[in-house]
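Here, each number is a calculation from the coordinates, and none is a lab measurement. Not measured: the values here are computed from a predicted model. When we count neighbours, we look across all protein chains shown, and the Cβ atoms used for this are built from the backbone with ideal geometry, even at glycine.
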Amino acid sequence: MAQITRPPSNPAAPSLKVAGTDLDYFNPKEYIIGGTTLTGTKYLDKETVIILSKLIKGETVTLPGDATANAIKTLWSNGLFDDIKINITKIVEDSVFFDIEVVERPRLSSFELVGVSKSQKTDILEKLNAKSGKSIINDNLYNSTTATVTKYLSDKGFFFTKVDYKTKVDPNAENSQILEVIIDKGRKVKVHEIKFTGNKDFSSAKLRKFLKKTHQQAFYKIFGSGKFNKEKFEEDKLKLVEKMHDKGYRDAVILKDSVYQYSDKAVGIKMDLFEGKKYYFGNITWSGNAKYSTTYLEKVLGIEKGNIFSESKLETRLKGNGNSDDVSSIYLNDGYLTFNVDPIQTKIYGDTVDVEMRIYEGPQYTNNRITIKGNTITNDRVVMRQIRTKPGDKFSKELLVRTVREIGQLGNFDESKTVPTPRPNPADGTVDIEYAVEEKPSDQVELSGGFGGGRIIGTLGLTFNNFSLRNLFNPKAYRPLPKGDGQKLSLRGQTNGSYYQSYSFSFSEPWLGGKKPVSFGLSAFTSSQKYPIATGGNQSIRLNGVTVSLGRVLKWPDNYFQLTHSINANQYILENYPGYLFSTGTSYNFNLTQELSRDSRDSPIFPTGGSFFKFTVQATPPYSLLNHTNYAIASDKQRYRFTEYHKWKFESQWFQRVAGKLVFKAQAQFGFLGSYNAAVGQSAFERFKLGGDGMQGFDFLQGSELIAMRGYSNNSVVPVGANLSQAQSSGSPIFNKYVLEMRYPVIASPSATAFLVTFAEGGNTWNRFSDFNPFNIRRSVGVGAKIFLPIFGLLGIDYGYGFDAIPGDPSANKGQFHFSIAQQLGGFN
């Protein structure tokens, strides 16, 4: 039997004997293949392998010749075998019979990664595991695995990764091996230098600023470390060209770029640019506009002849800038649903570009059928009353966007998945609009423990944000409580045992009667503290109160305004309790509150635009001016039995997206507590306590308003010259506060919203209006993080450092950690 393992290395070899017959290499002879067998295979299809070899029965071959050598090369190139031999089993007259003997390569059962972190291992295996159980361990597998690993780590900043391999038998799988991938990541490389060539009008420093995510190393860049990320670099190249185009260089391109090794720790980047000339807008003409005049459209466009040519600016002014003052918006807000404008560059001469705005106005559309889908818990009418695109009205893009915002404000749906879909009916000029929503958890639980008054304080609070009072006696509606009508029910309890207890209840209905946006609210509370004193008896305070409110959305100046009226009745019972203007007695507070607010924020959790303001006036009857009591000689019991005051508060917030996801927030607050009669003086209650986290902890509803101010301990910001202990206990009649924040979101999903903040705050308190100075403030700066979880509300941690000392309390401003739970979104968020 002859055996050919490779093509003969010496063509002059004399012969090969087969069954007593010599194969004469100098006199080849043609044979017909009588048959071919395959030995050594267990997992591969034999017929397929024989077909690949082309040694097929009936074919003619020349022996000696290239047929056997070519068969070996072909089979070897598939990477399926560790060894291949072709045997001539016999020759019968002019027929030859072959046997192909192979050793199969093992299959891959799994990967084992060495040299990477747990999270990196998970990510890489996710990309590699599709090959497990299917691939043959060969050079192709090694090459593809190396490419996958190096690309992943390159995107993470590991630019000089080395990969090696070992194999071991898998005892649980026949003819299978485990491939051990040994990874040497090396160090994350940084960008040492970024060089440009071909730039004339743009300086290299300016071009580097256009690269927002790829930064050159510099000693002063504390946060921008300059780590190289290939994926982000590719994004930056596109942004660089866009920026050059925005500056008028419409022909600018990157001719070529390269990333080279600067050292074993750093890379360098070189980009060769073509700037081209700087272009300007020439003549801007309009065609197809009938609804609006050319003069008006030119004013809306805001681009004039001679301005620097920028396609992105042109696109923004034509088709959307988020403020509804672009050309498309004025049409879309007036029913022109199918409006389109196409800017055509009609002529380019020298450095000037003429543009024609070709407009298709189309017909005006009227809203027809409005539907909702996806609200599995919330009743249709609760969502429908938020919808501002009413049937019979002209279609309006602005009202469509406003409706999405209003649905999000309900708090019951995932804002990112509220999708409006207009479906125009050209035949009758109407449009059907479908709002797709997705429910999310909205109920909240507050379960916390704290330390106050020398004792542990426990708090349990439950808030049901989609409550249904009318289904209270319907067992089928419990989930676990009746839900779906958009009402809000809150229950809260706080205690440290027999010494301190506080309980509150509130209920609100945003649409009283269900036909108009008239809100109704009812709340009540009781709170008490009681301690025995050494001289006998007790030191105690009890507060009871109830509030009823009505509010309505206004149509003027616009429908973002809301006016709320409240009637409040509070009772204060003191026994030997210090810190107020009297220590023993009972006082009543009957007041009327008027609140005017406007909220145009685009999101209740993490606003990126819009504003919020609230102006509140609260007043009691002027008892001292209506009776005939001489308060100059009156007892405390007479003087404070009926609390009298007028209280003025103002708060404003403003949000603006700065760049990317970064958001700027500015906030200002002011409060003033006034009196009617100098003989009575300031009210003993309703004062302001400034400083700390602002949480209603051990001071819960004790007749004072707690105002957060990070960087200072709780209630520590007292008027200059005031008695520290007394001022902290009773509060102050005047305060103001300013906040500047930079916010950056790190999580944005239905299950959680989290963001980081850096802040600067300033604020102060005063006892007399004559001393009030809005610029005389205590200052602080700090950093923090907040997360909104639907079940817990807003949770936060901040670290602030106060710059201004508090006399009598040297530790009040020396760096403070502040924790917050379920703070009101209109205030300290």
- Task: Please report, in whole Å, how far the alpha carbons of the range 547-821 spread along each principal axis, starting with the longest.
- Result: 65, 51, 36
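Counting only C-alpha contacts under 8 Å and six or more residues apart, can you give the relative contact order of the range 107-184 as a whole percent? Intermediate values should be presented prior to the final figure.
Numbers: 106 pairs, mean separation 34.4, N = 78.
Averaging sequence separation for qualifying contacts and normalising by length gives 44 percent for the range 107-184.
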- Query: For the range 741-751, in order, what is each residue's ³J(HN,Hα) by Karplus, 6.51 cos²θ - 1.76 cosθ + 1.60 with θ = phi - 60°, in whole Hz (x at glycine and Pro)?
  - Reply: 9, 10, 10, 9, x, 10, 9, 9, 8, x, 7
- Scoring the chain by relative contact order with C-alpha pairs under 8 Å, at least six apart, yields a percentage of 5
- In whole Å, how far is the Cα centre of the range 346-404 from that of the range 622-660? 47
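D for the range 190-274, whole µm²/s, Stokes-Einstein with Kirkwood Rh over alpha-carbon pairs at 10 °C and 1.306 mPa s: what number? Walk me through the numbers on the way to the answer.
Values: Rh = 13.1 Å.
Value of D from the Cα-based Kirkwood radius: 121 µm²/s.
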- Rg (one decimal) and Dmax (whole number) from the Cα set of the range 589-690, in Å, equal 19.6, 65
- With +1 on each Lys and Arg Cβ and -1 on each Asp and Glu Cβ, and nothing else charged, work out how big the dipole of the range 231-292 is about its Cα centre, in Debye to the nearest 20. 340
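When you have a sec, figure out the Kirkwood radius of the chain from all distinct Cα pair distances and drop it here in Å to one decimal?
Numbers: mean 1/r = 0.0288 Å⁻¹.
Evaluated on the chain, it is 34.8 Å.
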- Task: Could you tell me, in Å, what Rg and Dmax come out for the Cα atoms of the range 280-360?
- Result: 12.3, 41
- Message: Rounded to the nearest 5, what % of DSSP beta bridges with both residues in the chain are antiparallel?
- Response: 85
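Hey, any idea what the orientation-averaged projected area of the convex hull of the range 35-127's Cα atoms comes to, in nm²? Please report the intermediate quantities before stating the final value.
Working: hull surface 31.4 nm².
Averaging across all directions leaves 7.9 nm² for the Cα convex hull.
At a Förster radius of 25 Å, what calculated FRET efficiency corresponds to the Cβ-Cβ distance of GLU234 and LYS162, to the nearest 0.05? Show your work: numbers first, answer last.
Numbers: r = 23 Å, r/R0 = 0.94.
FRET efficiency, GLU234 to LYS162: 0.60.
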- Message: Could you compute how fast the range 366-436 diffuses translationally, taking Rh as the Kirkwood radius over C-alpha pairs and applying Stokes-Einstein at 37 °C with viscosity 0.692 mPa s? Give it in µm² per second.
- Response: 267
- Message: Whole-Hz ³J(HN,Hα) for each residue in the range 110-117, computed from phi via Karplus 6.51 cos²θ - 1.76 cosθ + 1.60 with θ = phi - 60°, x for glycine and proline: what do you get?
- Response: 6, 9, 10, 9, 10, x, 10, 6
- Query: Expressed as a rounded percentage, what relative contact order does the range 563-622 have, with Cα pairs under 8 Å and six or more residues apart?
  - Reply: 32
- Message: To check my understanding: the extent here is largest minus smallest coordinate of the Cα atoms along each principal axis. What are those three numbers for the range 107-184, in Å, largest first?
- Response: 39, 24, 19
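Please compute the Kirkwood hydrodynamic radius of the range 94-224 from all pairs of different C-alpha atoms, in Å with one decimal.
Details: mean 1/r = 0.0541 Å⁻¹.
This gives a value of 18.5 Å.
Test of understanding: what is the full-extension gain from ASN544 to THR629, defined as 0.36 nm times their sequence separation minus their Cα-Cα distance? The partial results should precede the final answer.
Numbers: separation 85, 0.36 × 85 = 30.60 nm, distance 2.67 nm.
27.9 nm is the gain from fully extending ASN544 to THR629.
Rounded to the nearest whole Å³, what is the per residue volume of the convex hull around the Cα atoms of the range 213-368?
Numbers: hull volume 26.3 nm³, N = 156.
Output value, Cα hull per residue: 169 Å³.
Based on the Cα gyration tensor of the range 468-603, what are the three equivalent ellipsoid semi-axes, each the root of five times an eigenvalue, rounded to whole Å and given largest first?
Details: eigenvalues 272, 97, 28 Å².
Ellipsoid semi-axes (Å, largest first): 37, 22, 12.
Beta carbons within 10 angstrom, averaged per residue: use that to sort the peptides 32-44, 308-320, 732-744, highest first. Spell out each step's value before the answer.
Details: 32-44: 15.3, 308-320: 17.1, 732-744: 20.5.
The peptides rank, most packed first, as 732-744, 308-320, 32-44.
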- If amide H atoms are built 1.01 Å from N in the plane of the peptide, which residues on other chains or at least 5 residues away come under 5 Å of the amide H of TYR280? PHE309, THR352, VAL353
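Given a Förster radius of 56 Å and the C-beta distance between LYS188 and ASP809 as r, what FRET efficiency does 1/(1 + (r/R0)^6) yield to the nearest 0.05? Walk me through the numbers before you get to the answer.
Values: r = 46 Å, r/R0 = 0.82.
With a Förster radius of 56 Å, E is 0.75.
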- Quick one: which residues, 5+ away or cross-chain, put their amide H under 5 Å from the amide H of ARG687? H built at 1.01 Å from N. GLU705
- Residues with amide H under 5 Å of LYS440's amide H, sequence separation 5 or more or different chain, H placed in the peptide plane at 1.01 Å from N; which? PHE413, ASP414
- Task: Highest first, please rank the peptides 568-574, 78-84 by the mean number of other Cβ atoms sitting within 10 Å of their residues.
- Result: 568-574, 78-84
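Kyte-Doolittle mean at least -1.0 and Cα extent at least 20 Å along the axis: which DSSP H helices of the chain qualify?
Numbers: long enough: 139-155 (24 Å, -0.66); 230-246 (24 Å, -1.60).
Going by DSSP H runs, the hits are 139-155.
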- ³J(HN,Hα) computed for each position of the range 575-581 - Karplus, 6.51 cos²θ - 1.76 cosθ + 1.60, integer Hz, glycine/proline x: 9, 6, 9, x, x, 10, 6
- For the range 91-113 and the range 734-761, distance of Cα centres in Å: 67
